[in-house]
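Notes to accompany the following structure.
Please treat every number below as a calculation from the coordinates, not as lab data. Just so it is clear, the structure is predicted and the values come from calculations on it, not from any experiment. Please note: Cβ atoms are built from the backbone with ideal geometry, for glycine as well, and neighbour counts cover all protein chains shown.
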Amino acid sequence: MGSGGHYGSSISWQDTGDGGARVVLSGRLTIDDVATLADELAAVPPHAPGLAVDLSAATAIDTAGAWAINSLINRWNDAGHTAQVQGAAPDIDRLIRALTVPPPPVKRRADRGNPVLARLEQIGRAVVHQADNAGGFLAFLGQTLVVLALTLIGRRRLRWHAVAHQGEAIGVNALGIIGLLLFLVGLVVAQQGAVQLRQFGAEVFTVNLIGRATTRELGILLTAIMVAGRSGSAFAAQIGSMKLNQEIDALRTIGLDPIEVLVVPRVIACSLMLLGLAFYGGMCALIAGGLFAWSELAMPPAAYITRLQEVILVSDFAIGMIKAPVFGFIIAIMGCFHGFQVTGNAESVGSRTTQAVVEAIFVVIVFDAFFAFFFSALGYN
């Protein structure tokens, strides 16, 4: 059919007699010799049911030559024809196969023409994914609890410097925003409570509302939500970035357990700091309620404090303090778990960080509802 050459390489096309075609490449198929050959190969469109690429006369090849041959074969295959290499020396054949990119797998769907089956398949995939995610979380939780228990009994090293560093980031650095948030919430609860109770001439019970709501429920819940958004996201982003940079693999390589080094200090620090932040936030809310009662209800601070002592039960304070470390543990576990699930690229860091915050807040609210019913059933209303 035709022939050409360039430096130490040549090309010739032949008809095989059965409707197929054969291209014979000879000489050196390297980057310096194959430039013109690649253009000639690309210029011939697929025109026969089969193509044989004869490399029995090829003396040398590099990645440029192998790429040109693979491009020719892929072009014929994409057009619905068959193409294959023949007569190549072992080292030449090995290089061509190494540079061969397999076609992407075709994703099978249940039935493209049946929207019901397609929807069922989509639901099934989502269920399987969530089941895998739940199983991975339970495994991570169990591993963390084992390492935490060994740390508390002295079998594992407790990294106090890491705990102190995380405690500063979680607790000390959050005092400003937590105090402002709970102060404003205390003002809103006091103002709205006074407006509603004024209709019944019961403004004095505004103190009851402020005291019990902030001490038992709102103070700890809003503090946990703020810590989840602030520190839970930080845990997921920090550990996720470390995983992308292969720092976690480096820890394992030098014989360190990532759970012991990264997770346990964050869990301990978050549980302890949330306990302190909950108490601090509750005090800020009570101070805001006292200022409102003093300015709007003409209630002296001494009377306000006396009234708080009457309405706030020891059980209310104890319930709030019991829930605080549990919420802190949940937030830390969720953030660390999703950090370890980061894969691929930076987009995964953002996705897992969002999931960590959303799931931490959701689980915290679920546990808060559980605690409310549980303590109510015990008679602590």
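Going by how many other Cβ atoms sit within 10 Å of their own, how do 338, 165, 81 line up, fewest first?
On the way: 338 31, 165 14, 81 17.
The fewest-first ordering by Cβ neighbours comes to 165, 81, 338.
Per residue of the range 264-275, in order, report the coupling 6.51 cos²θ - 1.76 cosθ + 1.60 (Karplus, θ = phi - 60°) as ³J(HN,Hα) in whole Hz, putting x for Gly and Pro.
Once rounded to whole Hz, the list reads 4, x, 5, 5, 5, 5, 5, 5, 6, 5, 5, 4.
What's the ranking of 172-180, 118-126 by average number of surrounding C-beta atoms within 10 Å, highest first? Working shown, then result.
On the way: 172-180: 14.9, 118-126: 11.8.
My ranking of the peptides, most packed first, is 172-180, 118-126.
For residue 120 and residue 321, FRET efficiency with R0 = 51 Å and r from the beta-carbon atoms, rounded to 0.05? It would help to have the intermediate numbers written out before the result.
On the way: r = 48 Å, r/R0 = 0.94.
It comes out at approximately 0.60.
What value, in deg cm²/dmol to 500, does the helix sum -39500 (n - 2.57) over DSSP H runs of n ≥ 4 give at 222 nm once divided by the residues of the chain?
On the way: 14 runs with 245 residues, N = 381.
Estimated from H runs of four or more residues: -21500 deg cm²/dmol.
Rounded to the nearest 5, what % of DSSP beta bridges with both residues in the chain are antiparallel?
Values: 12 of 25 bridges.
Of those bridges, close to 50 percent are antiparallel.
Give me the distance in nm between label points sitting 7 Å out from Cα along the Cα-to-Cβ direction at residue 134 and residue 97, one decimal.
According to this spin-label approximation, the distance is 4.6 nm.
What ³J(HN,Hα) values, in whole Hz, does the Karplus curve 6.51 cos²θ - 1.76 cosθ + 1.60 give for the range 356-362 when θ = phi - 60°, with x put for Gly and Pro?
Going residue by residue, I get 4, 5, 5, 5, 5, 5, 4 Hz, with x marking Gly and Pro.
Can you tell me the orientation of helix 301-311 relative to the chain, as the angle in degrees between its alpha-carbon axis and the longest Cα principal axis, to the nearest 10?
That works out to roughly 80 degrees.
Which residues does a label at residue 378 reach in the range 212-240, if reach means a backbone N under 18 Å from a point 7 Å past the Cα toward the Cβ?
It comes to 215-218, 220-221, nothing else.
Mind pulling the angle between the C-alpha long axis of helix 314-340 and the longest principal axis of the chain? Nearest 10 degrees, somewhere in 0 to 90.
Result, in degrees: 10.
Report the calculated FRET efficiency for residue 155 and residue 298 (r = Cβ-Cβ distance, R0 = 56 Å), to the nearest 0.05. Let's see the in-between values first.
On the way: r = 60 Å, r/R0 = 1.08.
The value I calculate is 0.40.
Provide the three semi-axes, in whole Å and in decreasing order, of the ellipsoid equivalent to the chain as defined by the square roots of 5 times the Cα gyration tensor eigenvalues. Numbers along the way, then the final one.
On the way: eigenvalues 1021, 116, 68 Å².
Working through the eigenvalues yields semi-axes of 71, 24, 18 Å.
Under a plain spin-label model, where a point goes 7 Å from the Cα along Cα-to-Cβ, how far apart in nm are residue 57 and residue 241?
6.1
Please order 353, 59, 223 by the number of other Cβ within 10 Å, starting at the fewest. Intermediate results must be reported in sequence, preceding the final value.
Values: 353 22, 59 14, 223 29.
The most exposed by this proxy come first: 59, 353, 223.
Which value, in Å³ per residue, describes the convex hull spanned by the Cα atoms of the range 198-299? Let's see the in-between values first.
Working: hull volume 9.8 nm³, N = 102.
That works out to 96 Å³ per residue.
Along Cα→Cβ, 7 Å out, is where each label goes; now give me the distance between the ones at residue 363 and residue 164 in nm to one decimal.
3.0
Given contacts defined as C-alpha pairs under 8 Å and at least six residues apart, what's the relative contact order of the chain, whole-number percent?
Working: 508 pairs, mean separation 57.4, N = 381.
Once divided by the residue count of the chain, the mean separation gives 15 percent.
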